[in-house]
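The block underneath contains the structure these notes are about, expressed in structure tokens.
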Amino acid sequence: MTDHRLSLPLGEPIPDRFAMLGPLPTGTTVHEASAGTGKTFTIAALVARYVAEGVATMDELLVVSFSRESTRELRERVRERLVSVREGLARPQDVDPRDSVLAHLAAAPTDETDRRHRRVQEALADFDAATVTTTHGFCQQVLAALGTAGDHDPGAQLVEGIGDLVREVADDLYLRKWGVAGAGAPELTIEQFRSLAVDVAVRDPGTLLVPTPADADPTTPHGLRTRIASAVRTEVEARKRRLHLFDYDDLLSRLDGTLQAEVTGPVAVQRLRDRYRIVLVDEFQDTDPVQWSILRIPFHGHRTLVLIGDPKQAIYAFRGADVHAYLSARDVAGAVHTLPTSFRSDAALVAGLDAVFGGAALGDPRIRVGPVEAVHQGRLIEVDGTPAPVRLRVLPREGLTAPGKLLPTQVAVDSIVHDVAAEVVRTLECARLNPRDGGPQRAVVPGDIAVLVRTNKQAEQVSAGLRAAGVPVVVTGRTSVFATPAAEQWQLLLEALEQPHRTARVARLALGPFAGLPAAQVADPDDGSITELALQLRAWSRLLDERGVAAVFEAVSAERSLQPRLLAFDGGERLLTDLRHLAQVLHEVAQHEQRGLSALVTWLRARRDEAAREAGALERSRRLDSDAAAVQVITVHTSKGLEFPVVMMPFGWNRWPGNEPATAAFHDEHGRVRDVGGPTGPGWAAHVAQGKAEGAGDDLRLAYVGLTRAMGHLVTWWAPTANTVTSALHRLLLHRDPATVAPTKIPVPADSVALQAFRGLATEHLAVELVQSRPVGRYEPPAPTSAALSVATLDRALDTTWRRTSYSALTAAAHDQRMGSEPEVAQKDDEADTDVAEADGTADTALRAVPSAWDELPGGTGFGTLVHAALEQIEDAHDEAGVRAAVALNVARSAPGTDVSVLTDALVTALRTPLGMLAGGISLAELSSSDRLPELDFELPLAGGDEPLAIRPVLSGLVPLWRRHCSTGVLSGYADELAALDPAPLRGYLTGSIDAVLRLRVGGTPTYLVVDYKTNRLGGYVEPLTAWHYRHEAMQTAMIEAHYPLQALLYGVALHRYLRWRQPGYDPDVHLGGSLYLFLRGMSGPGVVAADGSVPGVFAWRPPSALVVGASDLLAGTT
């Protein structure tokens, strides 16, 4: 491997290189990566080593990343690594020595290799026990697990963003301040007020504000702004709590507060230390002080904490990431290593990049471009007539502007867009790719090329130039769909639907893609097209009321031939994709937020205004318009983590410095600070300058990200414009002192001086070229070679037994058919009414005198779902006011006609009913919330889940188990009913949700009970419902008829597997306490007991633990 080393200044030692095969990291360790040096590969390899070498099991590992995309990739890579290690250790003599990690693990003595193989096998079997998640996902899991020990509202809703709430608060506070008589003239416009609110409550909700709100004089402009900022934060937090809402920032701040709290902190910290032995964090450069605090408090100095990141790629400050938090962690780490090997770029390109960067400090003296070795020695991309893999193309002023003048920015943009198109066409004609896997050389195709831009406007300009040259192109990125022309067209359509009688609105819509009328036709007063469109709009408006936005879009598409019209035009696929995307978004918003047409018009307008100011919410990012092989035009931010054989970066010279900010974000000795005082505030000018300097550092790192995406060929451009002085590429090229950070501005020299400086950097790997006028040409793709077509034949066996099933699905055939389509919300579909009024037996006739409090309440699956939802949300079952609140909330949501008082009284009675001997006579009202786990969802693998196992169990296999272990007892006869069910192959996954798990302590030892709530009516409707209808004999009949014993067994298996990896010293004979089926309509309160001592409405059954364990093994395919 070639080692392209850069000389760092004296006094700045290069950290040790990380030895993947050396001692495993312990304590707090920072692994500093560079672009393409394998952060994810390193984490996957470390997980494999920690597991195989017996340092930790999968459930003791915590692996964290900072985005859903990176976490998904990380999870897949970790599992793939474990699979490859398992397969390799099964045949250690055949291990490929090029896989150094596997070879290292296989080099142990035979008995140790066998143990390692077994550990990895167990790790894969328990892979779901590992916590591989985002930072926010980790916080959510921890807060939920801590329960009352943490700042957690189980009934709260997680929202993607709180922009709407912040704007609502801003409007309310603005009106409260200046919307009353005698308030005087507003000192801020509503737009300024809203902007300030967004800055302090959305962009920087947890940063320190200056001037200090407590010391601010509200009679001064800066004091008023500070007081407003503080009031916005306070009110937003209060409303979130009141509305039971929280966002991703709340997850972080609430867990951090819990860990630091005097009372709850030690408990929470100890639970985390008990749970995790090894913590690995990917993309750590994207952290912030709160996230670092969440990791530091429980793990630093107490557990192995491995932090992997590349501070040179810290580019998300605008989202709240703070590279200073990374640097703080590095300062306290016990060891700092580098990942020195580039697996992305070939050696020649790495050398060319070295010449560009020159060991530069990227915004901070501690963040430097250091030495990197390249694995790939041969050239990955070869271009005829262009030996250098890195090329700097310089646009001269001559002929484009007056002598001695800078180029107008737009002139430079137009010239470079033209040159980019010419360069892409030339590359497609003259370049060849040598695959990294040693495959045969092939021509470069459009899909091998990426053009990296800074803004959405630049992306559209480049893509237009490429399309004009016949090059297939797709714009990829996180452009907000609300910032597209399609959003404007939807705005016009909604406004026309709102008022179809207004000719001006109809005419504006007519000229757009939805209607597609020619301008001459719209302008002709005698033409009837506008009248016809207005009639259609009235029909579509009625359709919107009846069936929603999605139906309107389909109607418009069909009646106005939308798809064939748009696809006939260049760019039509992009527009159609955006229109469809917006149709889905608008439909979801209208349905979920119950917005009518006028409210939808207002909502869309607000989103478009927001998109004009912001980069756009990630969940509203545009979708790809085509899957065809095409040149990707992508923003540099979006390109992070990606790689392309050929990269072109045309606008590294173009950075508009922007206007004076309304607030200034910067760092001081306290950390990140936001100055909200404005120009009259103390220190404003210095704070703005500091903020701009930090922003300039972000730009240097952004340039690093863009320039390091290339695998084999990189082309970038420089132009002499007014925007060049603050651009990152310009500053990198002209500031060559690696001991200092480049100044925020460097004047643009004369072309001759600039060329001399650039040519002084040139090497055999870095070429400096002049942009000269040349025709673009037109790309002519090679004719596709088509082989003779033949009919496809199925040459593999399909696994028709695999399915995702549940208790309800397994027993469906044994019950009456219900509705023919799935309900739109999850419902309890296992609570059929049964008439057992005429059951044999005359005992317990006294129970007939005890009326059921539920007699007048409705039945059905909808009512059952309502009751289950209320029981899930009740935190303190002893608190009647809390029960009433939960009932009222769910009645309002799903059954407005239900009497809240009657249902509350009925539930309170049931909650206070003793649960019988199996539960030690305790009632639900006497249990603390920490001993009741509501709604335990599970998804259990059947016969290995996705694993190809030879054993294929069937449901009927449970029958001999039942007869063996339940030959006596209340449910011994159920084996015959179970045998009558469909044998049903059990392969895939079993899903379900246990209504509640109760934890009881007997002599200090916990025992756990499965609880299932039933709202079944066990009596007919001809007589009042009483406790007698829920005597033990009646419940036993209902249990067997509904196959509830099977449900109880399956739920017992789920609890068994859950406790197996969560309960220390787990013993099924001790910890499995049985099942309680609570028929709520029969639970009549304390003192109501049958003659045999049983409690009406409470059916208790403790299956033998051998039955539960045997059923678990059968379902797993291990017996």
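Nothing in this text is a laboratory measurement; each read-out follows from the coordinates by a stated rule. It should be emphasised that the depicted structure is a prediction, and the values quoted were computed from it without experimental measurement. Neighbour counts are summed over all protein chains in view; Cβ atoms, including those assigned to glycine, are modelled from backbone coordinates with ideal geometry.
Along the charge dipole of the chain, which of HIS152, SER415, PRO953 sits closest to the positive end, that is, farthest toward it, with unit charges on the beta carbon of Lys, Arg, Asp and Glu (+1, +1, -1, -1)?
Of HIS152, SER415, PRO953, it is SER415.
Could you list which residues have their amide H under 5 Å from that of GLU769, counting only those 5 or more apart in sequence or on another chain, with H placed in the peptide plane?
Counting only residues 5 or more places away or on other chains, the set is LEU392, ARG393, VAL394.
List the extent of the Cα atoms of region 890-930 along each of their three principal axes, largest first, rounded to whole Å.
Principal-axis extents of the Cα atoms in region 890-930, largest first: 38, 21, 13 Å.
Set Lys and Arg Cβ to +1 and Asp and Glu Cβ to -1, take the dipole of region 643-719 about its Cα centre, and tell me which of PRO657, HIS713, GLY677 lies farthest positive.
Sorting the options by dipole projection puts first HIS713.
Looking at region 481-620, I'd like the Rg to Rh ratio, where Rg is from alpha-carbon atoms and Rh is Kirkwood's inverse mean 1/r.
Ratio of gyration radius to Kirkwood radius for region 481-620: 0.95.
Using only Cα atoms, find the angle between the long axis of helix 572-592 and the longest principal axis of the chain, and express it within 0 to 90 degrees, rounded to the nearest 10.
40 degrees
Over region 638-793, what per residue volume does the convex hull of the Cα atoms give, in whole Å³?
That works out to 250 Å³ per residue.
Quick one: dipole size for the chain, taken about the Cα centre, charges +1 on Lys/Arg Cβ and -1 on Asp/Glu Cβ, in debye to the nearest 20.
The dipole of the chain has a size of about 2700 debye.
So what J values fall out for region 261-266 if you push phi through Karplus, 6.51 cos²θ - 1.76 cosθ + 1.60 with θ = phi - 60°, rounded to Hz, Gly and Pro as x?
These are the phi-based 3J(HN,Hα) values: 5, 5, 8, 7, x, x Hz.
Rounded to whole Hz and in sequence order, give me ³J(HN,Hα) for region 333-345 from the Karplus expression 6.51 cos²θ - 1.76 cosθ + 1.60, θ = phi - 60°, writing x for Gly and Pro.
Values per residue, Gly and Pro as x: 5, x, 8, 10, 10, 10, 9, x, 10, 8, 9, 8, 9 Hz.
Counting helices only, and only those DSSP H runs with n ≥ 4, report the 222 nm mean residue ellipticity of the chain as the sum of -39,500 (n - 2.57) divided by its residues, in deg cm²/dmol to the nearest 500.
Computed ellipticity for the chain at 222 nm equals -13000 deg cm²/dmol.
Could you tell me the largest-minus-smallest coordinate of the C-alpha atoms of the chain on each of the three principal axes, in descending order and whole angstroms?
112, 88, 78
Extent of region 958-1045 along each principal axis, from alpha carbon coordinates, in Å, largest to smallest?
44, 42, 29
Using mean Cβ contacts within 10 Å as the protection proxy, how do 680-690, 494-504 order, highest first?
Result, highest mean first: 494-504, 680-690.
Straight-line reach from LYS1014: which lysines have Cα under 17 Å away, leaving out those fewer than 8 places along the same chain?
Reachable lysines: LYS828.
If you put +1 on each Lys and Arg Cβ and -1 on each Asp and Glu Cβ, how big is the dipole of region 692-752 around its Cα centre, in Debye rounded to 20?
The dipole magnitude comes to about 60 debye.
Would you pull out the residues with amide H under 5 Å of VAL473's amide H, same chain only if 5 or more places away, H placed 1.01 Å from N?
Amide H neighbours of VAL473: VAL631.
May I ask which residue of GLN756, LEU729, VAL771 lies farthest towards the positive end of the charge dipole of region 727-773, with charges of +1 (Lys, Arg) and -1 (Asp, Glu) on Cβ and the Cα centre as origin?
With unit charges placed on the Cβ atoms, the residue in question is LEU729.
Looking at this model, which pairs from LYS240/LYS312; LYS457/LYS745; LYS312/LYS745 are more than 32 angstrom apart at the alpha-carbon?
In this structure, LYS240/LYS312 lie more than 32 Å apart at Cα.
So how do 318-328, 1049-1059, 568-578 stack up, highest first, on mean other-Cβ count within 10 Å?
With the highest mean Cβ count within 10 Å placed first, the list reads 1049-1059, 318-328, 568-578.
I'd like the antiparallel share, as a percent to the nearest 5, of DSSP beta bridges with both residues in the chain.
35 percent
Rounded to the nearest 20 Debye, what is the dipole magnitude of region 481-620 about its Cα centre when Lys and Arg each give +1 and Asp and Glu each give -1 at the C-beta?
Rounded to the nearest 20 debye, it is 180 debye.
Long-range amide H contacts for LEU915: which residues qualify at under 5 Å (H placed 1.01 Å from N, peptide plane, sequence gap of 5 or more or a different chain)?
Amide H neighbours of LEU915, under 5 Å, 5+ apart: GLY921, ILE922, SER923.
Would you please put 443-451, 853-861 in order of how densely packed they are, using the mean number of other Cβ atoms within 10 angstrom per residue and starting with the highest?
Top of the packing list down: 443-451, 853-861.
Mind running the shape call on region 180-223? Use the C-alpha gyration tensor, a ≥ b ≥ c as the square roots of the eigenvalues: rounded below 1.5 for a/c, prolate if a/b tops b/c, oblate otherwise.
Oblate, since a/c reaches 1.5 and b/c is not below a/b.
Tell me the angle of helix 110-125 to the major Cα principal axis of the chain, expressed in degrees between 0 and 90 and rounded to the nearest ten.
80 degrees
Taking a temperature of 25 °C and a viscosity of 0.890 mPa s, what whole-number D in µm²/s does Stokes-Einstein yield for region 161-246 with Rh from Kirkwood over alpha carbon pairs?
The diffusion coefficient I find is 186 µm²/s.
For the chain, take the longest principal axis of its alpha carbons; what is the angle in degrees between that and the long axis of helix 289-299, to the nearest 10 within 0 to 90?
Helix 289-299 and the main axis of the chain meet at about 50 degrees.
What list do you get for PHE863, PHE553, PHE284 if you sort them by fewest beta carbons within 10 Å?
PHE863, PHE553, PHE284
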